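Only one structure is covered here, and it is reproduced in the block below.
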């Protein structure tokens, strides 16, 4: 990178850092940190959702997968958009009406402390895997522009994620997420235009690449790509960070509007990543797939603007990882720390949030060692699937069927669902996404609990 690259990047990062610090000055309590005091506008809700959902998985990782499989890589963004649509239409109002800060608290209020504890631990593990994916994306981006050992780039990425939310929490995530969304859209639109200019258009890409592999939404198989879509839909509805975004809204209407805006705005960003990956396959077929997005920007943007948009891309990745870490900190503080120190002060809970953020990111750094060649998006799909297998159906029972399902069935579902997903992935190695197995087992258990509860009501 030349002087103009660095100038554009540093100016952009400096601007965003100032905004984050200013947002942090308004945080005076744990509630402000977690949900911004419940005063977010629809734009800030959308900014928080997009800022934490659109990160490395929708940009660097989507481009990486599209380099090999084309349009089937769009499922992270498309599935995320569908998940946000369901969040707006069916879940935002019931979540807000429930009155609790975390999804695990909602489950605990219905099924008891054991279910709350199990869902807290397993749900946090699911979120943690996606933090690893964001670190891998940030490392891929940084390694394209600076010559540093992988461990150093991992620590640098984690440090930036800590700065993103350490002071401002959800208030900072929403404000920065809104700005980042606008800049990402500008970047995506310009990138699509450049791809079409350099390649000769979509038809030229169609002619240059095997259509059955690159222009097929299910190129990896219906079971694999369909499972990826399901993972995203369930993952969005089962992730603390996105729930926090709608809970931070100043009204139910605002929460719904913010989630709907997210549903519309997320998929097009992923499309830009897909087209970049496909074009780079035609132009540089032997390059490292993880480098396609940053290398495209370095090759085809003027120096200053390349620096600006590389910084935007880095902030997108950092913001996503930081927002997910904020979700873990809320779970740890409200569901685990509160059990250990039930009479803790508001200031103590605020610092527990911040310590949990640092601890989660440092642990994630250890998981990235020696794993740079992994398919980044696979970490994200696995993370979303595990979250859905742990949280989704027990949460639905708590929100829509209160008092109808016995607690022991919810507890069994919380454990059996992710266990079946892991067995299918690691032991049995089924030829389709094992999330289907986990959700089928979950559904059978919860239906059995509902049937028993129904019989109890009759007697």
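Every number in this text was worked out from the coordinates using simple rules, so none of it is lab data. Note that the structure is predicted; figures quoted are calculated from it, not measured. Cβ coordinates were reconstructed from backbone atoms using ideal geometry, including for glycine residues, and neighbour counts include every protein chain displayed.
Descriptive notes on the structure:
- Which of 288, 433 has the fewest Cβ neighbours within 10 Å, and the rest in rising order: 288, 433
- Fewest-first ranking of 203, 111, 242, using other Cβ atoms within 10 Å as the exposure measure: 203, 111, 242
- In segment 42-134, one over the average inverse separation of all distinct C-alpha pairs is 15.3 Å, which is the Kirkwood hydrodynamic radius.
- Degrees between helix 169-199 axis and first principal axis of the chain (Cα, 0 to 90, nearest 10): 40 degrees
- Remark: the Cα gyration tensor places segment 197-286 in the prolate category, a/c being 1.5 or greater and a/b exceeding b/c.
- Net lengthening on full extension, residue 250/residue 299 (0.36 nm per residue, minus Cα-Cα): 13.3 nm
- Computed extension gain for residue 400 through residue 378, at 0.36 nm per residue and net of the alpha carbon distance, reaches 4.8 nm.
- From its DSSP helices (H runs of at least four residues, each -39,500 (n - 2.57)), the chain gives a residue-normalised ellipticity at 222 nm of -25000 deg cm²/dmol.
- Among 191-201, 153-163, the order from most to least packed when residues are scored by Cβ within 10 Å on average: 153-163, 191-201
- The shape of the chain can be summarised by an equivalent ellipsoid whose semi-axes, obtained from the alpha carbon gyration tensor, come to 35, 26, 19 Å from longest to shortest.
- Segment 397-459: C-alpha gyration tensor shape, a/c 1.5 cut-off, then a/b vs b/c: prolate
- If R0 is taken as 22 Å, the Cβ-Cβ distance between residue 18 and residue 156 corresponds to a FRET efficiency of 0.65.
- Packing rank of 60-70, 352-362, where each peptide gets the mean count of other beta carbons within 10 Å, highest leading: 60-70, 352-362
- Our note on the geometry: Cα centres of segment 404-459 and segment 380-399, 11 Å apart.
- Shape call, segment 260-299: gyration tensor on alpha carbons, a/c limit 1.5: prolate
- The distance from the alpha carbon centre of segment 236-258 to that of segment 282-347 is 20 Å, rounded to a whole number.
- Evaluated at q = 0.15 Å⁻¹, a Debye calculation over the C-alpha positions of segment 301-375 (equal weights, vacuum) places log10 I(q)/I(0) at -0.68.
- FRET efficiency, residue 440 to residue 148 (Cβ-Cβ, R0 56 Å, nearest 0.05): 0.80
- Extension gain, residue 351 to residue 218: 0.36 nm times the residue separation minus the Cα-Cα distance gives 43.3 nm.
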